[in-house]
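Okay, structure first, notes after.
The values are calculated or read from the model by the stated rules, or taken from the named source; none is laboratory data. Only a predicted model underlies this, so the values are computations on that prediction, with no experimental measurement involved. Every residue, glycine among them, receives a Cβ derived from its backbone with ideal geometry; neighbour counts consider all protein chains shown.
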2 protein chains.
Amino acid sequence: MLSTMQDVPLTVSRILRHGSTVHAGSHVTTWTGDGAPERRGFDEIGARAAQLAHALRDELGVVGDQRIATLMWNNGVHMEAYLAIPAMGAVLHTLNLRLPAEQLTWIVGHAADRVIIVDATLVPLLAPLLPRLDSVEHVVVAGSGDRSPLAGARARVHDYEELIAGRPTDFDWPEIDEREAAALCYTSGTTGDPKGAVYSHRSIYLHSMHVNSAEAFALSPRETALPVVPMFHVNAWGLPHAAFMAGTSLIMPDRFLQPAPLAEMIETLRPTMAAAVPTIWQGLLAELDAKRRDTGSLRAVVIGGSACPPALMKAFEDRHAIRVIHAWGMTETSPLGSVSHPPHGLSEEEEWTYRLSQGRFPASVEARLAGPGGGFLPWDGESAGELEVRGPWIAGAYYGGAGEGPLRPEDKFSEDGWLRTGDVGTITPDGYLTLTDRAKDVIKSGGEWISSVELENHLMGHPEIAEAAVVAVPDEKWGERPLAAVVLRDGNAPDYAAFKAYLAERIARWQLPERWAVIPAVPKTSVGKFDKKVLRRQYAQGELDVVEL
Amino acid sequence: MLSTMQDVPLTVSRILRHGSTVHAGSHVTTWTGDGAPERRGFDEIGARAAQLAHALRDELGVVGDQRIATLMWNNGVHMEAYLAIPAMGAVLHTLNLRLPAEQLTWIVGHAADRVIIVDATLVPLLAPLLPRLDSVEHVVVAGSGDRSPLAGARARVHDYEELIAGRPTDFDWPEIDEREAAALCYTSGTTGDPKGAVYSHRSIYLHSMHVNSAEAFALSPRETALPVVPMFHVNAWGLPHAAFMAGTSLIMPDRFLQPAPLAEMIETLRPTMAAAVPTIWQGLLAELDAKRRDTGSLRAVVIGGSACPPALMKAFEDRHAIRVIHAWGMTETSPLGSVSHPPHGLSEEEEWTYRLSQGRFPASVEARLAGPGGGFLPWDGESAGELEVRGPWIAGAYYGGAGEGPLRPEDKFSEDGWLRTGDVGTITPDGYLTLTDRAKDVIKSGGEWISSVELENHLMGHPEIAEAAVVAVPDEKWGERPLAAVVLRDGNAPDYAAFKAYLAERIARWQLPERWAVIPAVPKTSVGKFDKKVLRRQYAQGELDVVEL
């Protein structure tokens, strides 16, 4: 029995039409660094999005689902691209301007981007790559800056404002199947080629509705949002589309991501919520501690991207009365997975336990924990497994490239189509997720998992140990066993037996490492994370002085 | 280019699974009138819903999309039916227990209901109808009460608790196409046969997400909702499904809808929000005025179903510090259309202008105003047209009956598939709807519309006029013209010229009625609304003493 409801697709054009009419008076304000932020109403953003669509179609010949890339900061023009490109049926491909040149080149080629819209300030980054970007026929430069590096480019170069000027301010947006591609974002995978998640109109629409729900960020016309998280990073966590849907005014920081201008934006433009990764908030905290600013407009800031240090959350609340909300997600999850609103009616201490967790899933994100021995684990707050998720805004595959089918690597997707997140953690009976490890960092010992992070945290609590990294090494009997590599505080000989005894008081006997080594420092990646690949290789090549006991 | 997102349907079973796991600890509390409300956790509701599904399938042989009717108050068992019936693939048909016996009989036959779940207290209502309910094979009685009226019924009679007892507490809910029927609700149309809106899994899921958004009712685990609006009336405005999705605990009033028990529920069970039609709130206001109760838990009450008198909204705020939120919708709109949250930063007076309006539409409900002369009107806050809406939870047709195609009456649906709401009003440039008339009550005079409600309100402001009704009567030159029928305060002869002069100071000249009559009282419907059909008939049959001037 079919329903009698209208069959209306969930599309970005619906968000665009709605925001630019019902919420015509909401606005997008871009920080310019010169004391005069640029402010445009949602109606004007909508009109300019229509002009952009006309320019892309009529002047640049964009048809069908061609990929239009953006290499841009968070600003009003990027917002126009966010709306116009999917709404006209093309695919918005946001390029991560922090990627190495090699990866950027590979990604543009894999996506077969036909047009790149670039901020003038990023022309120096793009120009050297252009000769190798064979698919790119047009470069559209937004804003002012030196364009001379583009001289001689094979691609045609346009000025954004000149390109859209004088074109009609409305567009007959096509009715698109909601499962069609709307946007494309590549993960900056540490191993192998980058992989592209292709968001659909449906996934963006549903994710936007979720962002605006009370259990996520509750955007509404009464809010003003400051997405510090880049629009080239999982669609700025979905905030631009969600805000346009809800009528929430946006403050765009453009390239001014340093603590001082961020503090000034908050004081003068008065956002009610903001979102960024921990590093940004760490910098802002120091700035606010050093120079008192009026941050009274901020009801909440969202921290995600990696686990947030509890001290940072507490410092914001205690010293600046800013509530921090912890959230978990990834490129493959659009990205909102879970959000850590605590239950109500708890003591402050109990509340913190919940708030430091990764939070609860919404109805649209089903979760399960895959155990080390196969099968799924109970939600008892103790059984640790790899988190797998399923839902309408969760990836079920990666983009295979033009003319190719989707990629479904086995380590990323289960046989029944769930996303394997690569994160290991527990879920409480009331649905709160706590992540403890990356799956690649747990030690699979005889059908059980040993958390390297837990061992490291205990070891670093020992007074003689400055740093510690625990990695899995092959073991004939158990499959894998932990190797503890420690950095000592002074030059004394290591007392491994004492370290082991110290651990034995804190963890189960079968988890105790048998293999130990002293290292001068823990190898780190460019962003400061422990680089365990290096340690595993050093072990394999016999470069570590390993003691067994 | 297809997206790489998972293709996961939006279904009631997803809401059920989510609510009963992630929000296992939220609860449904049913008022029993004996001082001991019955409370069940969402986990228990989910387990009992599974038992009900097993019973319906294994014991009663329910297959496919058969219709299972409920004739029930708002209570925990009704909640179980709300979840189990759609989740198993059957269709939940909520019967309006206030309908005349004739209509109820017709509706059950038209829907071909195979099973009716009935509250024991409503057995006396159902029993006399049963002999004519040919499709009904099973009656399931919930709760305690006299079942003797069912003795001798052709349908098999079951006890709800006995039926579900001992069955498995989980169910392998089928994966259903989200466009399949989930629930069925008939309008109590004043003319012609009742018409059934068939909600889909998709429409219920999306509507639930919207209810939980900040721009609607912002349900979350931190809230407790009291739906006074019946579950047989447009799914209690979507609150049960939305609350189960959000983890919002529910307080169910069962049959205790009188002011005193409602006040006691609010005081003792402490809901944070409640929803009902104006009549209920009017009664509650009188109760609260007469006997002070602790209503401090209520952050907001939602009023819809018909326009809310401003005095009522203000009385709740001034005398009891309860904020009233105005909302508009109808059976065909699931029902949430618009909600009247005012913009922020306004003076109190300006804010009231917005709050008394019907509010703003969400992205999922597109609106347009069809003008009297064809074409669509601007959103200028002045041009009045018939409201038409489009969206994924808006009806595009009615149920035609088993084996029949959908019904699409021309006066209800536009050629391009929009719902004609039958409501006439204006929309401001910032998207706020104000309804002024029912389309059938406006006077179509020479391609312009005259608002009968506006004329009536002005006339009733005249000191000698107690009541006034204005109806359209045929006119050779203009098509239609207004007839003003007035009820005088005393027995004096009517001074029509003075009445007309009084109106002329307040409305445009071309809107002034030429035809006048005195009547002893305005004819009213059973629910107290002006019954203009009667006046039009009296005019047509020459029963009114009409003066022309």
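Being surrounded by fewer than 23 Cβ atoms within 10 Å (Cβ to Cβ), within 22 Å of the chain's Cα centre (by Cα) and at positive phi: is that true of residue B:305 here?
Numbers: surrounded by fewer than 23 Cβ atoms within 10 Å (Cβ to Cβ): yes; within 22 Å of the chain's Cα centre (by Cα): yes; at positive phi: yes.
Yes: the conditions hold for residue B:305.
Give me the residue from the range A:55-68 that is over 17 Å from residue A:12 (Cβ atoms) and in contact (Cβ under 8 Å) with a residue 40 or more places away in the chain and, out of that set, surrounded by the most Cβ atoms within 10 Å (Cβ to Cβ). Reasoning before the result, please.
In the first step, residues of the range A:55-68 are kept if they are over 17 Å from residue A:12 (Cβ atoms); the result is A:55, A:58-61, A:63.
With in contact (Cβ under 8 Å) with a residue 40 or more places away in the chain added as a condition, the list becomes A:55, A:58-60.
Details: A:55: 21, A:58: 11, A:59: 15, A:60: 18.
Going through the qualifying residues, I end up with A:55.
Those residues that are in a loop (DSSP other than H, G, I, E, B) and more than 11 Å from chain B (Cβ to nearest Cβ), I need them from the range A:347-362; list them, please. Working first, answer last.
Here is the first cut: in the range A:347-362, the ones in a loop (DSSP other than H, G, I, E, B) are A:347, A:356-358, A:361-362.
Hits for the range A:347-362 are A:347, A:356, A:357, A:358.
Please enumerate the residues belonging to the range A:415-450 that are of a type outside the set (Val, Ile, Thr), more than 11 Å from chain B (Cβ to nearest Cβ) and part of a loop (DSSP other than H, G, I, E, B).
Initial filter on the range A:415-450 (of a type outside the set (Val, Ile, Thr)): A:415-420, A:422-423, A:425, A:429-433, A:435, A:437-441, A:444-449.
From the residues that got through so far, the ones that are more than 11 Å from chain B (Cβ to nearest Cβ) too are A:415, A:420, A:422-423, A:425, A:435, A:437-441, A:444-449.
Passing the criteria: A:415, A:446, A:447.
May I ask you to verify whether residue A:118 is touching a residue at least 24 places away in the same chain (Cβ under 8 Å), crowded, with 16+ Cβ neighbours inside 10 Å and more than 20 Å from residue A:235 (Cα to Cα)? Walk me through how you get there before you give the answer.
Working: touching a residue at least 24 places away in the same chain (Cβ under 8 Å): yes; crowded, with 16+ Cβ neighbours inside 10 Å: yes; more than 20 Å from residue A:235 (Cα to Cα): no.
No, not satisfied.
Of everything in the range A:457-510, what is in contact (Cβ under 8 Å) with a residue 24 or more places away in the chain and among the polar types (S, T, N, Q)? Give them in sequence order.
Residue satisfying the conditions is A:492 alone.
Inspect all residues belonging to the range B:169-187 and state whether any of them is at pLDDT 95 or above, part of a loop (DSSP other than H, G, I, E, B), within 14 Å of chain A (Cβ to nearest Cβ) and within 25 Å of the chain's Cα centre (by Cα).
yes
Within the group B:198, B:157, which residue is outside any helix (DSSP H, G or I) and surrounded by 24 or more Cβ atoms within 10 Å (Cβ to Cβ)? Break it down stepwise before answering.
On the way: B:157 fails: surrounded by 24 or more Cβ atoms within 10 Å (Cβ to Cβ).
Exactly one residue qualifies, and that residue is B:198.
Look through the range A:1-52, keep the residues that are surrounded by fewer than 24 Cβ atoms within 10 Å (Cβ to Cβ), among the charged types (D, E, K, R) and within 11 Å of chain B (Cβ to nearest Cβ), and return whichever of them is farthest from residue A:240 (Cα to Cα).
Selected residue: A:7.
Considering only the range A:245-282, state which residues are within 14 Å of chain B (Cβ to nearest Cβ) and under 20 Å from the mean Cα position of the chain (by Cα).
A:273 - this is the single residue of the range A:245-282 that is within 14 Å of chain B (Cβ to nearest Cβ) and under 20 Å from the mean Cα position of the chain (by Cα).
Restricting to the range B:131-157, what's the tally of residues that are under 16 Å from residue B:66 (Cβ atoms) and not polar (S, T, N, Q)? Spell out how you get there, then give the answer.
Of all residues in the range B:131-157, those under 16 Å from residue B:66 (Cβ atoms) come to B:133-140, B:155-156.
If we keep only those that are not polar (S, T, N, Q) too, we end up with B:133-134, B:136-140, B:155-156.
Residues in the range B:131-157 being under 16 Å from residue B:66 (Cβ atoms) and not polar (S, T, N, Q): 9 in total.
So in the range B:519-549, with the set limited to residues that are at pLDDT below 90 and among the hydroxyl-bearing types (Ser, Thr, Tyr), which one is surrounded by the most Cβ atoms within 10 Å (Cβ to Cβ)?
Once the filter is applied, the top-ranked residue is B:525.
If you check every pair at least six apart or on different chains, which have Cβ atoms under 9 Å apart with a residue in the range A:375-397 that is among the polar types (S, T, N, Q) first and a residue that is outside any strand (DSSP E or B) second?
A:383/A:371; A:383/A:377
Please go through (1) farther than 30 Å from residue A:44 by Cα; (2) buried (at least 20 other Cβ atoms within 10 Å of the Cβ); (3) charged (D, E, K, R) for residue B:467 and return the number of the only condition it doesn't satisfy.
Tallying (1) farther than 30 Å from residue A:44 by Cα; (2) buried (at least 20 other Cβ atoms within 10 Å of the Cβ); (3) charged (D, E, K, R), residue B:467 fails exactly one: (2).
Can you tell me how many residues within the range B:363-401 are in contact with a Lys or Arg (Cβ under 9 Å, 6 or more places away or on another chain), part of a strand (DSSP E or B) and not hydroxyl-bearing (Ser, Thr, Tyr)?
Final tally of qualifying residues: 12.
Across the range B:262-315, what is the number of residues that are modelled with pLDDT of 90 or more, out of contact with any helix residue (DSSP H, G or I) (no Cβ under 8 Å at 6 or more places or on another chain) and polar (S, T, N, Q)?
2
Among the numbered criteria (1) more than 30 Å from residue B:198 (Cβ to Cβ); (2) surrounded by 17 or more Cβ atoms within 10 Å (Cβ to Cβ), which one does residue B:418 miss?
Looking at each condition in turn, residue B:418 falls short on (1).
Residue-by-condition table, conditions (1) of a type in the set (Val, Ile, Thr); (2) at pLDDT below 95; (3) over 27 Å from the mean Cα position of the chain (by Cα):
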{"residue": "B:27", "(1), (2), (3)": "no, no, no"}
{"residue": "B:42", "(1), (2), (3)": "no, no, no"}
{"residue": "B:45", "(1), (2), (3)": "yes, no, no"}
{"residue": "B:58", "(1), (2), (3)": "no, no, yes"}
{"residue": "B:67", "(1), (2), (3)": "no, no, no"}
{"residue": "B:73", "(1), (2), (3)": "no, no, no"}
{"residue": "B:92", "(1), (2), (3)": "no, no, no"}
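Only one of B:318, B:254, B:289 is acidic (Asp, Glu) and in contact (Cβ under 8 Å) with a residue 40 or more places away in the chain; which?
Checking each option against the conditions leaves just B:254.
Which numbered condition trips up residue B:314, out of (1) away from every other protein chain (no Cβ under 13 Å); (2) among the basic types (Lys, Arg); (3) crowded, with 16+ Cβ neighbours inside 10 Å?
Of everything listed in (1) away from every other protein chain (no Cβ under 13 Å); (2) among the basic types (Lys, Arg); (3) crowded, with 16+ Cβ neighbours inside 10 Å, residue B:314 misses just condition (3).
Name the one entry in B:216, B:243 that is of a type in the set (Gly, Ala, Ser), modelled with pLDDT of 95 or more, buried (at least 19 other Cβ atoms within 10 Å of the Cβ) and outside any helix (DSSP H, G or I). So that I can check it myself, show each step before the final result.
Values: B:243 fails: outside any helix (DSSP H, G or I).
The match here is B:216.
Where in the range B:263-346 are there strands (runs of 3 or more DSSP E), lying wholly inside it, with at least 1 residues that are under 21 Å from residue B:33 (Cβ atoms)? Even if it seems obvious, please write down each step before you answer.
On the way: elements: B:273-276, B:300-303, B:323-329, B:336-339.
Ranges flagged: B:273-276.
Restricting the search to the range B:125-179, which residues are closer than 30 Å to residue B:9 by Cα, of a type in the set (Lys, Arg) and in contact with a strand residue (DSSP E or B) (Cβ under 7 Å, 6 or more places away or on another chain)?
B:179
For the range B:451-467, which residues satisfy the criterion of being part of a loop (DSSP other than H, G, I, E, B) and touching a Lys or Arg at 6+ places or on another chain (Cβ under 6 Å)? Write out each step before concluding.
Looking only at the range B:451-467, we keep the residues that are part of a loop (DSSP other than H, G, I, E, B), and these are B:451, B:460-464.
Residue satisfying the conditions is B:464 alone.
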